[in-house]
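Here's the structure, in structure tokens; my notes come after.
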Amino acid sequence: VAVAAAKPIARANANLIRISISRCSFRTNCGNSTAGEKLHNRMNFSSLEETASTRWQRTTKSILMYGVFEMTLSLRRCAVNLSWVAVCISFLAFVSALDAGAQGPSTQSRAAPTTKVRAAKIRHTSSWVPNPNVSGKDSYLIVDAASGRELASDQPDSPRHPASLTKLMTLYLTFSALDSGRLSLGDALPVSANAANAPPTKMGMQPGGTVVVRDAIMGLVTRSANDAAVLLGETLGGDEESFARMMTQKARQLGMNSTVFRNASGLPNREQVTTAHDMARLAYALLRDFPHYYPVFSVQSYVYRGRPLDNHNHMLANYPGADGLKTGYTAASGFNLVMSAVRDNRRLIGVVMGGDSPTQRDRLMAELMDRGFASAQALNLSPWTSPRTPPSARYTAANFVPGTTISDAPRTGQAGRVASAAPASAESASAALGSWVIQVGSFADTRSAHLALERATAALPDIVRTHGAATIDEVQVAQKTLHRARVTNLSQNEAIEGCRRLEQRKIYCSALQVTAWNTPGAR
């Protein structure tokens, strides 16, 4: 705008200079008139009509040079009054200001700081090139888990970026490693710089430190921690790239023929693609192959080193019957969700990909699930029967808590008779359904459970005295009896605060909400 406004003024001043030269040449018989004509001829005044900024800069420079020349002639050889000198000086100041304004942006664009910004942009652009085969529009699928029947769908086979839904496959392979004995829940995994430097969201690992398998798994489930995904991937595959090949190979074995994994976390990669159909297959595989681990997907908050890791899947709290699985988001994928819910003994699996926001995605999922349950009832589909825990199971969801003393499979013959301070019954537990507990461990013998519970209650006298009840209950894990030491009947804030205080005393614990799977006798 400034340049455009200055052009008429510059043209007027250029005409004034021409007149001045004529006056100087004819009225005062100035010397160097030939030089003045040469300079006049060198100036291309028609360039003032051009719009290119480079031409304008060249023209303003020429005007500046001509002004200096004019003033020099006027002062040295021409009999000019002082008012004319003042006009020339004012004109030179005006042209100098125009020249600085016109050149400023151009000069600045070549300066080092801006060059760095441009280089950063280029690097960012080159790291993410959109995949033309992947659409950003909504894709969804609702399936009856018992029969496999589709109840609602829209573009279920259209490629999409999975984002953190990728972590479902990372968890599938981790659960498999637990049951095969390759990993144990208490194993301390060394944290690499690659894992520690993973972009958020993350648990906050330190390179050179260690994180136990249990914490890494729960960090994946609740916070969708990318550093935990990289850590598990490097542990199982040697490096993340090799682990991604393992993930893709397992996907083919599960019938996920349209899925390709490139990393363990779901961080952006244009070649990492899946479909709603394939994600539903993966969710069903987790239900079928790991019924003893599946309940961890319903944990809404997990305390890691005194900090609560809240689950990103708000459908667990907002949709009746929801009990898992996982959310996901990147800018390229939109807001994704794979979930499962049970109602009237029927289980549905839902997949929504490409949502515009978490709220829109959750609202769409709720509507689709409602329609799905209505259709399942109208079609009189068969009820869902939970798969039996496989003989290879070494743990259950009850073991996914800090402080458990079991780092390997429970051993036979160590279960003693329960002699708890306040034995829990199924009736009392179901009455407290929805309340929170602090669990300080699951033990193979009652003596260890009592000792752990005594330490915890001694550290939390106010909480136990006001609301809590110290209990030890039994659960069956792969046909073995375990004893869980708990402080029960707490609010969420009391459980999280109490667990934080225990962590400060090096008493590791877990703040859990009482659900159907973690009541006494649950399998």
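When you scan the range 377-390, do you find a residue that is within 30 Å of Arg465 (Cβ to Cβ) and either in contact with a strand residue (DSSP E or B) (Cβ under 6 Å, 6 or more places away or on another chain) or at pLDDT 85 or above (or both), even just one?
Filtering the range 377-390 for residues within 30 Å of Arg465 (Cβ to Cβ) gives none.
No; the residues of the range 377-390 include none that is within 30 Å of Arg465 (Cβ to Cβ) and either in contact with a strand residue (DSSP E or B) (Cβ under 6 Å, 6 or more places away or on another chain) or at pLDDT 85 or above (or both).
If Leu267 passes every condition in (1) over 19 Å from the mean Cα position of the chain (by Cα); (2) on the phi < 0 side of the Ramachandran plot but one, which one does it miss?
(1)
Here is a yes/no grid of residues against (1) β-branched (Val, Ile, Thr); (2) at pLDDT 65 or above; (3) surrounded by fewer than 17 Cβ atoms within 10 Å (Cβ to Cβ); (4) not assigned by TED's automatic domain parsing to the domain that holds Leu348:
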site: Lys116; (1), (2), (3), (4): no, no, yes, yes
site: Ile122; (1), (2), (3), (4): yes, no, yes, yes
site: Thr125; (1), (2), (3), (4): yes, no, yes, yes
site: Arg149; (1), (2), (3), (4): no, yes, yes, no
site: Ser158; (1), (2), (3), (4): no, yes, no, no
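Assigned by TED's automatic domain parsing to the domain that holds Arg223, closer than 30 Å to Gly441 by Cβ and out of contact with any strand residue (DSSP E or B) (no Cβ under 9 Å at 6 or more places or on another chain), is that true of Gly324?
Spelling it out, it is not the case that Gly324 is assigned by TED's automatic domain parsing to the domain that holds Arg223, closer than 30 Å to Gly441 by Cβ and out of contact with any strand residue (DSSP E or B) (no Cβ under 9 Å at 6 or more places or on another chain).
Can you find a residue that is basic (Lys, Arg) and closer than 20 Å to Ala511 by Cβ anywhere in the range 304-311?
Of the residues in the range 304-311, the ones basic (Lys, Arg) are 305, 307.
From the residues that got through so far, the ones that are closer than 20 Å to Ala511 by Cβ too are 305, 307.
Yes.
It is to be established whether one or more residues within the range 290-302 are touching a helix residue (DSSP H, G or I) at 6+ places or on another chain (Cβ under 6 Å), over 23 Å from Ser392 (Cβ atoms), surrounded by 24 or more Cβ atoms within 10 Å (Cβ to Cβ) and in the same structural domain as Ala177 (by TED's automatic domain parsing).
yes
Scan (1) modelled with pLDDT under 95; (2) surrounded by 15 or more Cβ atoms within 10 Å (Cβ to Cβ) for the single condition Tyr140 breaks and write down its number.
The failed condition is (1).
Hey, among Arg361, Arg371, Arg281, which residue is among the charged types (D, E, K, R), under 29 Å from Ser435 (Cα atoms) and part of a helix (DSSP H, G or I)?
Of Arg361, Arg371, Arg281, the one residue that is among the charged types (D, E, K, R), under 29 Å from Ser435 (Cα atoms) and part of a helix (DSSP H, G or I) is Arg361.
Please enumerate the residues belonging to the range 207-232 that are closer than 22 Å to Ser510 by Cβ and surrounded by fewer than 22 Cβ atoms within 10 Å (Cβ to Cβ).
Hits for the range 207-232 are Gly209, Thr210, Val212.
Within the range 196-229, can you find the residues that are of a type in the set (A, V, I, L, M, F, W, C), farther than 13 Å from His312 by Cβ, in a helix (DSSP H, G or I) and in contact with a Lys or Arg (Cβ under 9 Å, 6 or more places away or on another chain)?
Those that are of a type in the set (A, V, I, L, M, F, W, C), farther than 13 Å from His312 by Cβ, in a helix (DSSP H, G or I) and in contact with a Lys or Arg (Cβ under 9 Å, 6 or more places away or on another chain): Ala196, Ala228, Ala229.
Consider Arg262 carefully, then state whether it is free of Cβ contacts under 8 Å to residues at least 24 places away in the same chain and either closer than 26 Å to Gln155 by Cβ or not assigned by TED's automatic domain parsing to the domain that holds Pro200 (or both).
yes
Considering only residues that are in a helix (DSSP H, G or I) and closer than 22 Å to Ile349 by Cβ, which ones fall in the range 245-278? Steps first, please.
Going residue by residue through the range 245-278, those that are in a helix (DSSP H, G or I) are 245-253, 276-278.
The answer is Met247, Thr248, Lys250, Ala251, Arg252, Gln253, Ala276, His277, Asp278.
Of the conditions (1) modelled with pLDDT under 80; (2) closer than 30 Å to Asn345 by Cα; (3) hydroxyl-bearing (Ser, Thr, Tyr); (4) not in a helix (DSSP H, G or I), Thr488 fails just one. Which one is it?
Thr488 satisfies every listed condition except (1).
Of the conditions (1) free of Cβ contacts under 8 Å to residues at least 12 places away in the same chain; (2) within 22 Å of Leu236 (Cβ to Cβ); (3) of a type in the set (Lys, Arg), Arg363 fails just one. Which one is it?
(2)
The values are calculated or read from the model by the stated rules, or taken from the named source; none is laboratory data. Quick caveat: nothing in here was measured; it's all calculated off a predicted structure. Here Cβ is always computed from backbone atoms with ideal geometry, including for glycine, and neighbour counts include all displayed protein chains.
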